[in-house]
Amino acid sequence: MTKNKTLPHHEPDWKGYTMDELRYMRAYTAARMEINRDRLTSRAADVKKHGFMNSSNGGSSIAGRVLGAIGYVDMALIGWRLFRRVFKTVRMLRRN
């Protein structure tokens, strides 16, 4: 179980933040925003360069995600079923 954190401004004897605490919080927030801005810019440039579905920044195509999520046995069964359907369709088209 986590213990609820009591915020300092809820305490009756709290006098406020010191100037050093305010500077630290401001610098920390600015650094966090800069990191997020750089990350967003990098991802946007990656999408612009490689396209939405094939971004190289940790992302992959939808087909790659699906194939990564299923096992080799499942892939073999899906491949076999697709092969049978294609073979039946080709055979039916050749007869006509």
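The values are calculated or read from the model by the stated rules, or taken from the named source; none is laboratory data. Everything numeric in this text was worked out from a predicted model, so none of it was measured. Note that each Cβ is placed from the backbone with ideal geometry, even for glycine, and that neighbours are counted across all protein chains shown. The protein model used for the area step is the full one, side chains on, heavy atoms only, and it has no ligands, DNA or RNA in it. Shrake-Rupley method; radii C 1.70, N 1.55, O 1.52, S 1.80 Å.
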* Structure fact -> Taking the range 1-47 and keeping residues surrounded by 10 or more Cβ atoms within 10 Å (Cβ to Cβ) and in a loop (DSSP other than H, G, I, E, B) leaves 14, 17
* Kindly check whether there is at least one residue in the range 53-62 that is at pLDDT below 90, open to solvent by less than 90 Å² (accessible area, probe 1.4 Å) and part of a helix (DSSP H, G or I). => no
* Scan the range 6-20 and report the pairs whose first residue is at positive phi and whose second residue is not basic (Lys, Arg), with Cβ atoms within less than 9 Å and a gap of 6+ or a chain change. => 16/8; 16/9
